[in-house]
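Enquirer: What follows is a single structure, and I will ask about it in a moment.
Since every read-out is calculated from the coordinates, none of them should be taken as a lab result. Just so it is clear, the model here is predicted, and its values are computed rather than measured. Glycine also receives a Cβ, built like all others from the backbone with ideal geometry; neighbour counts cover every protein chain displayed.
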Amino acid sequence: MDSSQLNTPNGLNLPTTSRLSIEEKIELGKKIRKDITRTSHADYRAPSSRRDPVSIIMEQDQSRIQELVPIRHARMLTSSFAFLRGTAKIMIEDIGRQATTNIPVLANGDMHVSNFGIYATAERNVVFSINDFDETHPGAWEWDLKRLTTSAVVCATFLGGDRQSCEAAARAVVKSYREKMTVFAQESNLNIWYKTIHVQEVLNSLSSESKKETEAVISKAQTKTQLELYEKLSHLVNDRPQIMSSGPLLNREANLESNKATHALQENILKSYFESLNFDRQMLLKRYQALDIARKVVGVGSVGTRCWVIMLQGINDKDPLFLQIKQAQDSVLAPFWDQKLPFTNQGRRVVSGQRTIQGAPDIFLGWGELADHLQFYVRQLSDMKGSVEFIPGKTKLSFFIEYCATCGWALALAHAKSGDPAIISGYCGQSDELDASLAKFAFAYAEQNERDYEAMQKAAKSGRIEVAMAF
C-alpha cells in the first residue's frame, strides 16, 4: 500500500492526494486487506538471516555503562517475561521487514503490559496511559499490537495461566483495541487530541473483583508525591539535604567523581534542559535550587544507559522537586521505517512522542544534550505515578485479562492521536478475525522468545555474558 494515499493529519508529514470522508477512509482500510489480509498476521517465521539474540543484546551493551551491564543481564534473566521486556530490538528485527499494512502511526516501539500505568495530569486528574516512550518513532500500527499481544501471552504464562487463559489475554488486547478504534474513527481530531482515559472510566469497565485490585494501585500511586520522595530518598548531612546512596542502583555522583565534576554535570544538564522548556515552565523551574544529583538504575531494557536523579528545593524542605534525566538513543524502529521525525536530538524525539501519545504529560518534560553528545530527556521522577506489578500466585488471571483489555484501549487512543483511526478501524473490521490472527501470532512469537531466553541462560552459564549477583 502506497503511504501517499493515506491522510494522516497529526504531524507525520506524509503527502496526501485528497481529504477523504470518514466513510471513504474506512473503505480505504478495508481495501488494504486485499494486499495484507488480516489472517496473514497470524504467521510468524523466523527470518532466514536471523541474528543470534545474545549477540544483539551484547551489541546494545557496548554503548552502556559497563559496570551496570551485568545488572541488565540479571534482570532480564529473572523470567521469560522479564527477558521480553529487554528485547524490543530483537523483536523488531524479526517483524520489521515483513509486509505491513503501511498505515502509519507514531508507534511506541516497545509495547508490553508493564509499560502502562497511571499518573496525575497538570489538572491533578488521575489517568491511565502508556508510560514509556524511549523507542517511539513513526511506524506500522500492527508492530505495537503484535508486541503487546505477545507480552500478554508471555506474562499470562509467567502468572501460571494455561493456554486458554493466555489466549483470552491476547484476544482481550486486540478486541479492545479494535472496538475502541471503531469509536475513535467517528470522533473529531480535536476530541481525540483532548481525550484521556480517566481512572474512573477504567473502574467503570471492570468487574467488582478487578475494580478492588485497581483501586489499590490507584491509592498507592496517590501517595507518591514529591514530598514522599524527599522523605524516602534524602537525609541531612551537615544540615544540608542529600540523596541517600543505595549501592549501584542509586549512587550519588559525588561518590563516583570529584565534587567539581559533579557540580559541572548538574549545571550542564539543567542549563541544556532549561532551554527546551516553554517560558511558563522556565519561570516555575527558576524558583527551585538544585541540591544534589545521583545516578539511578531503572527498568530492565534500559539498565546501563545513563540516568540521573536531581533533587531540587523550592520555598523550603516541604517544597521538593525530583527530576529524572535519562539518556536517549536512536529508536530501534528507525532502520525499519523511512519516515523520520524532524529532530536531531533523540531526547526531543522521546518528549515529542510522549506529548503526542500521552495526551496530558508531565509539565516538566524537556530534553537536552551534554558536551560529549550525550542526548537526554527529563521528567519528574514521581508524581502520583503507579503501575501494576505482576506476581505469580498473587496476580489473578481474571484481573490480568481485564487489565489487558485496558492496555488495548490505551494503545488504540495513542494510535488514534498520531495516526488515522478511520483507516485503521476500516482495516481491523468488526469481526474477531484480527483477534484470532494476532493471538496465534502471539503464541508463535512467545515460543521464539522462550528459545531466545534459553539462549541467554546458556550464555550466562558458559560465561559468555556476565551476570550480577545483586540487582
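Enquirer: Pop a pseudo-label 7 angstrom from the Cα along the beta-carbon direction at both His263 and Ala46 and give the gap in nm to one decimal.
Expert: Result: 5.6 nm between the two label points.
Enquirer: For the range 185-270, state what percent of all Cα-Cα pairs lands in each successive 10 Å bin, counting from 0 Å until the bin that includes the largest distance.
Expert: P(r) over the range 185-270, rounded to whole percents: 12, 24, 21, 20, 19, 4, 0.
Enquirer: Per residue, how big is the convex hull around the C-alpha atoms of the range 339-390? Give it to me in cubic angstrom, could you?
Expert: 137
Enquirer: Also, quick follow-up: Please report Rg (one decimal) and Dmax (integer) in Å for the Cα set of the range 36-90.
Expert: 14.6, 47
Enquirer: Turning to a different aspect of this structure: Name all residues of the range 435-471 having a backbone nitrogen under 15 Å from the label point set 7 Å from the Cα of Thr37 along its Cα→Cβ direction, giving them as ranges.
Expert: 435-438
Enquirer: Starting from 0.36 nm per residue, how many nanometres of slack lie between Gln430 and Ala122 once their C-alpha separation is accounted for?
Expert: 107.3 nm
Enquirer: Take the Cα atoms of the range 355-471, find their three principal axes, and give me the spread along each one in whole Å, biggest first.
Expert: Result for the range 355-471: principal-axis Cα extents of 51, 41, 31 Å.
Enquirer: Holding the Cα-Cα limit at 21 Å, pick out from Lys25/Lys180; Lys175/Lys220; Lys89/Lys394; Lys89/Lys180; Lys271/Lys318; Lys34/Lys340 the pairs that are longer than that.
Expert: The answer is Lys175/Lys220; Lys89/Lys394; Lys89/Lys180; Lys271/Lys318; Lys34/Lys340.
Enquirer: What are the residues whose amide H is under 5 Å from the amide H of Asp330, where those residues sit 5 or more places off or on another chain and H is modelled from the backbone?
Expert: For Asp330, no residues qualify.
Enquirer: Across 20 Å bins from the origin, how do the percents of Cα pairs in the chain run, short distances first?
Expert: 24, 58, 18, 0
Enquirer: Same structure again: Just order 408-417, 361-370, 270-279 by mean Cβ neighbour count inside 10 Å, highest at the front, would you?
Expert: Ranking, from highest mean packing down: 408-417, 361-370, 270-279.
Enquirer: Quick check: pseudo-label points 7 Å beyond the Cα along Cα→Cβ at Lys318 and Met244, how many nm apart are they?
Expert: 2.2
Enquirer: Can you tell me the length gained on complete extension of the stretch Glu466 to Ser188, counting 0.36 nm per residue apart and subtracting the Cα distance?
Expert: 94.9 nm
Enquirer: Calculated FRET efficiency, Ser63 and Phe343, Cβ-Cβ r, R0 22 Å, to nearest 0.05?
Expert: Result of the calculation: an efficiency of 0.70.
Enquirer: Sort Tyr445, Tyr403 so that the residue with the fewest other Cβ atoms within 10 Å of its own Cβ comes first and the one with the most comes last.
Expert: If I rank by nearby Cβ atoms, fewest first, I get Tyr445, Tyr403.
Enquirer: Do the sum for the chain: with -39,500 (n - 2.57) for every DSSP H run of n ≥ 4, divided by all residues, what is the mean residue ellipticity at 222 nm, to the nearest 500 deg cm²/dmol?
Expert: Computed ellipticity for the chain at 222 nm equals -14000 deg cm²/dmol.
Enquirer: Then there's this: Relative contact order of the chain, please, whole-number percent, based on alpha carbon pairs below 8 angstrom and at least 6 residues apart.
Expert: 31
Enquirer: Would you mind computing, in nm to one decimal, how far apart the modelled labels at Ile391 and Asp280 are, each placed 7 Å from Cα along Cα→Cβ?
Expert: Output for this residue pair reads 4.1 nm.
Enquirer: Quote the convex hull volume per residue of the range 226-380, based on C-alpha atoms, as a whole number of Å³.
Expert: 133
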